[in-house]
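Structure, as structure tokens:
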Amino acid sequence: MDAFDAGADGSLTGRRPVIETPATDGVLPDGMCLDTEGGLWVALWGGSAVHRYLPDGTLDAVVPLPVPLVTACTFGGPDLADLYITTSRRSLEPGQENTAGALYRFRPGVTGVPDTPFAG
């Protein structure tokens, strides 16, 4: 994944690689969110986990999940201390991976950044 410098006008410059996700076939970064310490939380489609990366790109934490298709993550709750993780049942047969498609909650010990409402 790459990082950019953002100009005051919203322009993006200075593209550079910052995070390397697992190189396993079929594992792709999916939904992401930020915490108040600058950590980037990344759901790994096909990777059975959510990873937290520090601003320098270092892998800092792994939240393992019992299902392969992890789709997104976001902070919620009254204090933004809960990390909610969505998963998928795509291409699974009935009875296979019974908890796939479930919503998971994890308390990582950091809080999330409040959303900025879309103004347009």
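Answer rounded, prolate or oblate for the stretch 14-79, using the Cα gyration tensor with square roots of eigenvalues a ≥ b ≥ c: rounded when a/c is under 1.5, else prolate when a/b is larger than b/c, else oblate. Since a/c reaches 1.5 but b/c is at least a/b, the shape of the stretch 14-79 is classed as oblate. A full extension of the chain between M1 and A119 corresponds to an added length of 39.8 nm, given 0.36 nm per residue minus the alpha carbon distance. Candidates L92, G46, T116 compared by Cα position along the dipole of the chain: farthest toward the positive end lies L92, with charges placed on Cβ. Protection proxy ranking for 38-49, 109-120, using the average of other Cβ atoms within 10 Å per residue and placing the highest first: 38-49, 109-120. Extension gain, T21-E97: 0.36 nm per intervening residue step, less the Cα-Cα distance, totals 25.0 nm.
Taken about its Cα centre, the chain carries a charge dipole of about 260 debye when Lys and Arg each add +1 at the Cβ and Asp and Glu each add -1 at the Cβ. Phi-derived couplings, Karplus 6.51 cos²θ - 1.76 cosθ + 1.60 at θ = phi - 60°, listed residue by residue for the stretch 12-27: 10, 9, x, 4, 8, x, 10, 10, 10, 7, x, 8, 6, 4, x, 9 Hz, with x used for Gly and Pro.
Dipole magnitude for the stretch 57-115: about 120 debye, using +1 per Lys or Arg Cβ and -1 per Asp or Glu Cβ, origin at the Cα centre. For the stretch 29-120, the Kirkwood radius over C-alpha pairs fed into Stokes-Einstein at 10 °C and 1.306 mPa s yields D = 117 µm² per second. Test of understanding: extend the Cα→C-beta vector of E37 to 7 Å, then name every residue of the stretch 81-117 with backbone N under 12 Å from that spot. Taking a point 7 Å out along Cα→Cβ of E37, the residues of the stretch 81-117 whose backbone N falls under 12 Å are 108-112.
Full extension of the chain between A81 and R107 yields a length gain of 8.7 nm, computed as 0.36 nm times the residue separation minus the alpha carbon distance.
The numbers here are math on the coordinates, done by the rules we state, and not lab data. Because the structure is predicted, anything quoted here is derived from the model rather than measured. Counting neighbours? That spans all protein chains shown, and the Cβs are built from the backbone with ideal geometry, glycine included.
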